[in-house]
Amino acid sequence: MFGPGIYVTRDYSKATAFARHHRKGTVLTLAVDMGKCKTHDASGCSGGHTWFCSCRKWREEGYDSQYVPRGEGVLREENVVRSNEQIIVTGLTDIS
Ligand SMILES: [Zn+2]
């Protein structure tokens with residue numbers, strides 16, 4: 001939705017919903033360094049993201065991550081991080 005990256009959320013119900021898409025899912029608890037983070041309002045896209053919309057420009061603008069608040073084009077907050085070097089896994093929870 002916001003281009004290449006690692007998608008993370010502070011919304012546990014969103015994480016478990018994604019995990020439940022799989023027969024045996026796991027939710028990872030993470031410590032994330034957002035670095036230089038862009039706050040983006042994606043409500044102008046109304047779900048019609050393209051390769052050229054502004055939602056994907058955070059990388060070329062030099063940001064380490066992008067945060068889209070709940071209600072600004074997403075139902076629940078969305079965060080995307082540039083590199084796995086910004087993330088430490090601190091826990092695992094199997095969802096079944
Ligand atoms: Zn967009």
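Scanning region 54-76 for residues that are open to solvent by 20 Å² or more (accessible area, probe 1.4 Å) and either of a type in the set (Asp, Glu) or within 9 Å of the ligand (Cβ to nearest atom) (or both) yields 54, 56, 60, 61, 64, 72, 73. Under the condition of being within 16 Å of the ligand (Cβ to nearest atom) and either at pLDDT 95 or above or surrounded by 15 or more Cβ atoms within 10 Å (Cβ to Cβ) (or both), the residues counted in region 34-52 number 6. Among the conditions (1) in contact with a Ser or Thr (Cβ under 9 Å, 6 or more places away or on another chain); (2) among the hydrophobic types (A, V, I, L, M, F, W, C); (3) open to solvent by 30 Å² or more (accessible area, probe 1.4 Å), residue 88 misses just one, which is (1). Residues in region 1-33 that are open to solvent by 80 Å² or more (accessible area, probe 1.4 Å), of a type in the set (Phe, Trp, Tyr) and either part of a strand (DSSP E or B) or within 16 Å of the ligand (Cβ to nearest atom) (or both): 1 in all.
The values are calculated or read from the model by the stated rules, or taken from the named source; none is laboratory data. What you see is a predicted model, and the numbers here were worked out from it, not measured in a lab. Reconstructed Cβ throughout: ideal geometry from the backbone, glycine too, with neighbour counts over all protein chains shown. The area values use the complete protein model at the heavy-atom level, side chains included, leaving out ligands, DNA and RNA. Shrake-Rupley method; radii C 1.70, N 1.55, O 1.52, S 1.80 Å.
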